């Protein structure tokens, strides 16, 4: 029998008083109770009694608990929750498009930069690791100390190879010796039919070369590619250069116009991160074809130290023993050499070659890296990432307070604390992921740019860089969690009524200070980068403009070594001098502006043999280079003895030999039995080596023209001069092409790694300033918005626009000053380290710091003012009417 | 009376099975039917039944229809097509389980 309406209402009322909240479930329970009661009433029990029995049976004290349980089981649906959070996020982002864009753009820029730098780091760290045995390959290096100067070189005697194999047969696997064709200081030619070119990257190596360095072969068999003397292995690039689309295998290349070499293999183009760089490998057994050695007997001797010796070691623990063994070999075989040069030999791991080598004379197979520059790159990359992460955290934190109302309402409607926390954290993680996606879109555009800038080939190989990508991914999530954590844990724990009333104030207390700290850190980093950029650019400028003591412009250096020009040098020179476009011609043994070799000399007043850097020149060197004679005279045709026993020294040499009156002092090459030489002139110090080096003593003496011809050209007549040189070249050397460079350009090239650093610094400081400004703008616009009411009241009470501008920007100016005080000393310490690389460097000037402060200050003030002016100009009626 | 723990584990199957026999049922009806069939051996409590029903609904296995009966709202549950499939599957796996349990316990 159905219950009456009043009876049902009674049940409803009673259940409410027992603590059940209304809703869907409540109606369901009412129905259930009613059914139970109806059952009992049907059995003849009175309504009241029946109801009480039912209630006793099902004990409503648990009901609120039950309601919770049902709510949770209904809501426990991750997909729905995520969908809701995503929806809220998109609405929020759409509502605050401006801030969302800043957030995403800033972070993705930072991530992209960091990834580029990280890829570069991977590239540098991956140096020489592509060989199967790379971890067990070592090489011998040597140092010699003469007259207090120690020189390190990576090349040693060829006989070491077979000797260590003989003495340490158990521990040493293969060895291979390499000699760079450059040792002859010539540039060889290769020819196939009509195609004849000079080639820079030519090496000779033992036939075991490809056992150690297993470069992948495209054609040919690596096992016996260097098996017979007249073989050559070339790279794919060379195959295309000489043979076009034909296959090179089995074809013949004419080497130096005198030897025929058969191509026995083509290897894939070498990766940019190996220091074993070559285009051609010729067996050492054919070294005679290089024209310097007659046969291969010297390979068993200790006469010249031009060989790289690489070998594999089975047990790395044996390396110190082998190193000691090599020094023992040297003592056994060359006791005098060991003593005279204080020579020491070392074993260097292949993995250390690129980043942990500092060899003199630029003697390694390829330009070694500089770990200091690498550290600078990495730190700059990290700084940019930090700036963008700070931006993100800062903006997320700041804008979260805009959502107090949303949070309050959510809480009133029954959202649990952890729901809100999850919502905030998930939100910022998702935004971070969006930024990461953007970063991956930008990356392919940035990579070619940086590849050419850093002179390496960078590519995003997902499989090879899995750990890097994983790291970036985790980092992005971490930034998301960190920036979401503040609103998640701080705001979500507020009492809803406080949040809704807006009791919380912005800009006051720990939170505002923390944000300022973050902004301050950003500005400090930017100041560091600005000052760094300025100093590096100034130093490069200084290098470019510094008077080197000679006139590097208008000089063409013609390489004559290895051609038939030296044989008819004087005719060549006279023909050139008859041209109106050519001022003067001289021969010289060094390309000038790079490192120079030593020789030993006997010096008047010094008992011991002196090791002094030398230049071999012919007449007119002083005139051609534009040097200044301070005492004595230049080599002269009137004095026949000049060419046999005359020496010109620089002021540094006079100082080093403690000569007050250098002219006429006895000086001679230590090897000569009869000492006749004397000084005929002193030139003013000039930078014959890179500016990283101080000016050393140098002896200039007369030597037959063999290496370079320096041609001074009339200003503005370079083209004519070049045409004349070309014409005369053809006359004296019909076979080989002309090879020349402009001296100023080749000097510039010496500083390419510095220039690279400068460019990277520049790009990153622009990026970091851009990111920081973006973040600052976002933050200021938010704060101005928050203080609109305050500004309105101030205006009503008579404040002027300028006083309000001052009010808003004051603290930012202070922040810039504080950041500057923090950044300036650190900048000084770090950038000065870099400057110490140069013997000739700019002096620190307060102007650099001042411009750093001014630039950052101006940018900050403009950024703040842009927003503040708008706020200050706003009509109080608009801003106040809402309240 | 059967222990609460055992009912907890099998409630899902019970609800699904009963709903698969009937076009639609409401909460009280389910408790009554179970009581009747088991001769009062199993009595479903509120605390177990309603969360299960709501959970199955959230999973998309049940749909509800609210009808006003005798001056009060009554919520009927019925299986969706996905629910039907699940019901067959879960009943089958319950029997498999019982068979396995028998093998273990009667050894």
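I'd like the mean, over residues of A:30-39, of how many other protein chain beta carbons sit within 10 Å of each residue's own Cβ.
Rounded to a whole number, the mean comes out at 5.
Please express the Cα-Cα pair-distance distribution P(r) of the range A:761-883 as a list of whole percents, one per 10 Å bin, running from 0 to the bin with the greatest distance.
The calculated distribution, bin by bin, is 12, 34, 25, 16, 9, 4, 1.
Pull up the DSSP beta bridges for the protein assembly as shown and report the antiparallel fraction as a percent, rounded to 5.
80 percent
Please work out the ratio of the alpha-carbon Rg of the range A:647-768 to 2.2 N^0.38 Å and round it to two decimals.
After normalising by residue count via 2.2 N^0.38 Å, the value is 1.53.
Against the longest principal axis of chain A, how steep is helix A:97-125, in degrees 0 to 90 to the nearest 10, with axes from Cα atoms?
For A:97-125 against chain A, the angle is about 40 degrees.
First measure r as the distance between the Cβ atoms of residue A:684 and residue A:237, then evaluate 1/(1 + (r/R0)^6) with R0 = 41 Å and state the FRET efficiency to the nearest 0.05.
0.35
At residue A:449 and residue B:32, where each label point lies 7 Å from the Cα along Cα→Cβ, what is the point-to-point distance in nanometres?
Each label point is offset 7 Å from its Cα along the Cβ direction, giving 7.7 nm.
Over all residues in B:52-61, what is the mean tally of Cβ atoms on other chains that come within 10 Å of each residue's Cβ?
Across the residues of B:52-61, the mean count of other-chain Cβ atoms within 10 Å is 4.
Can you give the log10 of the normalised intensity I(q)/I(0) at q = 0.10, 0.11, 0.13, 0.17 Å⁻¹, computed with Debye over equal Cα scatterers of the range A:134-353?
Listed by q, the Debye log ratios stand at -0.47, -0.56, -0.77, -1.20.
Using the alpha-carbon centroid of each, what span in Å lies between the range B:39-107 and the range A:770-836?
Using only Cα atoms, the two centres lie 65 Å from each other.
Just the Cα atoms of the range B:4-105: what Rg and Dmax do they give in Å?
Values for the range B:4-105 (Cα only, Rg and Dmax): 14.3, 52 Å.
Relative to 2.2 N^0.38 Å, what does the C-alpha radius of gyration of the protein assembly as shown come to as a ratio? Two decimals please.
1.43
Helix A:5-17 versus the longest principal axis of chain A: what angle, 0 to 90°, nearest 10, using Cα atoms?
Long axis of A:5-17 versus the principal axis of chain A: about 50 degrees.
Working from Cα positions, state the angle (0 to 90°, nearest 10) between the long axis of helix B:81-105 and the longest principal axis of chain B.
That helix lies at roughly 30 degrees to the long axis.
With viscosity set to 0.692 mPa s at 37 °C, what whole-number translational diffusion coefficient in µm²/s follows for the range A:524-655 from Stokes-Einstein and a Kirkwood radius over Cα pairs?
179 µm²/s
If Rh is defined by the Kirkwood formula over all Cα pairs and Rg also comes from Cα, what ratio Rg/Rh do you get for the range B:1-46?
Rg/Rh for the range B:1-46 comes to 0.94.
If you split all Cα-Cα distances of the range A:316-381 into 10 Å bins from zero, what percentages do you get per bin, shortest first?
In order of increasing distance, the bins hold 17, 32, 34, 12, 5, 0 percent.
Could you give the distance between the Cα centres of the range A:7-59 and the range B:1-26, to the whole Å?
So the two Cα centres are separated by 23 Å.
Students often check this: by mean Cβ neighbours within 10 Å, which of B:95-103, A:815-823 ranks highest, and how do the rest follow?
Ranking, from highest mean packing down: A:815-823, B:95-103.
On each of the three principal axes of the Cα atoms of the range A:5-76, give max minus min coordinate, whole Å, ordered largest first.
43, 22, 18
Just counting partner chain Cβ atoms within 10 Å, what average do the residues of peptide B:64-76 show around their Cβ?
5
Can you tell me what percent of all Cα-Cα pairs in the range A:578-623 are more than 13 Å apart?
68 percent
Using the basic label-point model (7 angstrom from Cα toward the beta carbon), what is the residue A:628 to residue A:744 distance in nanometres?
2.0 nm
May I ask for the Rg/Rh ratio of the range A:18-130, computed from Cα atoms with Rh as the Kirkwood radius, given to two decimals?
Dividing the radius of gyration by the Kirkwood radius yields 1.48.
Give, in nm to one decimal, the length gained when the segment between residue A:183 and residue A:417 is fully stretched (0.36 nm per residue of separation minus the Cα-Cα distance).
76.8 nm
Ranking request for peptides A:208-218, A:113-123: highest mean number of other beta-carbon atoms within 10 Å first, then the rest in descending order.
Descending packing order for the listed peptides: A:113-123, A:208-218.
For residue A:570 and residue A:331, what is the calculated FRET efficiency with R₀ set at 51 Å and r taken between the beta-carbons, to the nearest 0.05?
Approximately 0.60, to the nearest 0.05.
For labels at residue B:78 and residue A:372 in the simple 7 Å Cα→Cβ model, what's the distance in nm?
8.4 nm
For a quick check: sort A:844, A:701 by the number of other beta carbons within 10 angstrom, fewest at the front.
A:844, A:701
Taking the number of other C-beta atoms within 10 Å as the exposure measure, put A:150, A:155 in order starting with the fewest.
By the 10 Å Cβ count, ascending, the order reads A:150, A:155.
Step by step: find N for the range A:563-735, compute 2.2 N^0.38 Å, then divide the Cα radius of gyration by it. What's the final number?
Normalised Rg, Cα atoms only: 1.09.
Rule-based calculations on the coordinates, nothing more; no lab input. Because the structure is predicted, anything quoted here is derived from the model rather than measured. Note that we place each Cβ from the backbone using ideal geometry, even for glycine, and neighbour counts take in every protein chain shown.
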